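The values are calculated or read from the model by the stated rules, or taken from the named source; none is laboratory data. On a predicted model such as this, the values are computed, not experimentally measured, just so you know. Counting neighbours? That spans all protein chains shown, and the Cβs are built from the backbone with ideal geometry, glycine included. Side chains are part of the model used for accessible areas, which takes the heavy atoms of the whole protein and leaves out ligands, DNA and RNA. Shrake-Rupley method; radii C 1.70, N 1.55, O 1.52, S 1.80 Å.
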Amino acid sequence: MSRILATRRMRLFVLADTASNLGDFALFLAMTIWVKTISGSTSAAALVMFSFAAGSLLLPAAGLLSDRVRRRPLLIGANLALAAVVLLLLLVGGAHHVWLVYVVMFTYGALGSVTGPAQLALLPSLVSKDLLGDANGLIQSVRGLIRVFAPVVGAGLFAWFGPEAVILIDAALFVLAAGALLAIKVDEAKPVPSGEPWRTEITAGLRFIGRTVTLRQLVVSCGLAMLVLGFFEAIGLAVVTAGLDREPTFLGVLGAAQAVGTIIGGVSAGAVLRRTSESMTVIIGLAMVAVSSMLLMIQVTPLVVAAMALLGLCIPWLVVGATTALQRRTPEHLLGRASAAFEFAVTVPQTLSIAVGAALIALLDYRLLLGIVAAAVTVSAVYLVTRPAQPTDSDGQLTDAQAGDRQPDGAQLTDVPAGDVLAAAAKPVVTPTSDR
């Protein structure tokens, strides 16, 4: 971490990411509360987050855009556009303007679909490949903290000063993010169009993941896990009120425990990657999700707090393991589209699981839902454990005869063992060097 933060451009990148995400999470809850206040409708308030999520449907096109223009200018422009779009919310004057909130939140989500792949694709240009795991871990630590505390801050600002304060602060944070990115010095080659039909170009990232063994396995495993991880959005309150028989405000204690775990998880993720592999890091993270889910079933306060800390620790390992594998194995000209495809493949199941969890919590005991989570993530981990190892040469890359599949420009695909987990656990494995 000290090596990463010693680099000026990484400090600026982390500042930009922190500012933009702080604005995101502070705004979401505040806008939901605002729509509920001016319309009196819970359904209308729920549509705020639906409108935002709908913007993510543009991820494939956003991934192509991030591969067709220089990423730093793209991020600067996207953050400035976000600042301008947010300011449109100042025009909302009552229930008859709720439609404008939906339009802004959809646009917000669409622009977020641009910044996510562009940030992931830009990061390998800012830090050496052997430090990618540590850099991703640092970013996930900060994002985890923001995800826990920023909504509370946004809701507090809304209650004390009104929606205008939240809107203006959010816009200022996006301008700050753009300024930090503008100060970064990085050499980016001008992308060269392939001349292929746009349908071929827009699906190139997905096709690359499909024929790259480790990435394909990670998408399947993480997608399966995300089908149930969204349940935690509904389970938390039930654990506090039904399980521990405490007031809903005790969620703040669990949130603090999760935040501590997130810091530790992000800081340690790079070290775990160096001693195992990306796939093994994801496997360990999934196993810890299963353990934390089972601990949450026990109606003992210290164990529940510990379980939330463990959950906070393992989520960064999942994200960092998968993200670093993607960055290390994907050619630079495909990284935006591959990251968009990966994000789309896990975001859709997660969104569905949030909705399903909200419905099931009214019908089933929360402990049964936790059991379902534990079983599903265990199956996901076992799937990765049982994948056959890919033959490698002495450099950890697939040999010509074994790889078979090549990029259109002749670049060879590479992979590392995904299934040889006993060897990975017994000794360090050197991996090939290559959220919003």
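How high is the relative contact order of the stretch 136-262, in percent, with contacts defined as C-alpha pairs under 8 Å that are six or more residues apart?
33 percent
When the accessible area of the chain is computed with all protein chains present and a 1.4 Å probe, what percentage of it is carbon and sulfur?
Its accessible area is 69 percent carbon and sulfur atoms.
Under a 1.4 Å probe, what is the accessible area of the chain per residue, stated in Å²?
Per residue, the chain has 42 Å² of solvent-accessible surface.
Which one, Val239, Leu27, Pro124, projects farthest toward the positive side of the charge dipole computed for the chain from Cβ point charges (K/R +1, D/E -1)?
Towards the positive end, the residue furthest out is Pro124.
If each of Ala242 and Arg207 carries a label point 7 Å out from its Cα toward its Cβ, how far apart are those two points in nm?
4.8 nm
If you keep only loop residues by DSSP, which trypsin sites (Lys or Arg not before Pro) in the stretch 118-189 have at most 15 other Cβ atoms within 10 Å of their Cβ?
Lys185
Hey, with R₀ at 45 Å, roughly what FRET efficiency would Leu368 and His97 work out to, going by the Cβ-Cβ distance, to 0.05?
Between Leu368 and His97 the formula returns 0.60.
Zone of Gln299 (label point 7 Å along Cα→Cβ, backbone N under 14 Å): which residues in the stretch 353-389?
Only 365-368 pass the distance filter.
When the helices in the chain are scored as -39500 (n - 2.57) per DSSP H run of 4 or longer and the sum is shared across all residues, what 222 nm value do you end up with, to the nearest 500 deg cm²/dmol?
Per the formula, -24500 deg cm²/dmol.
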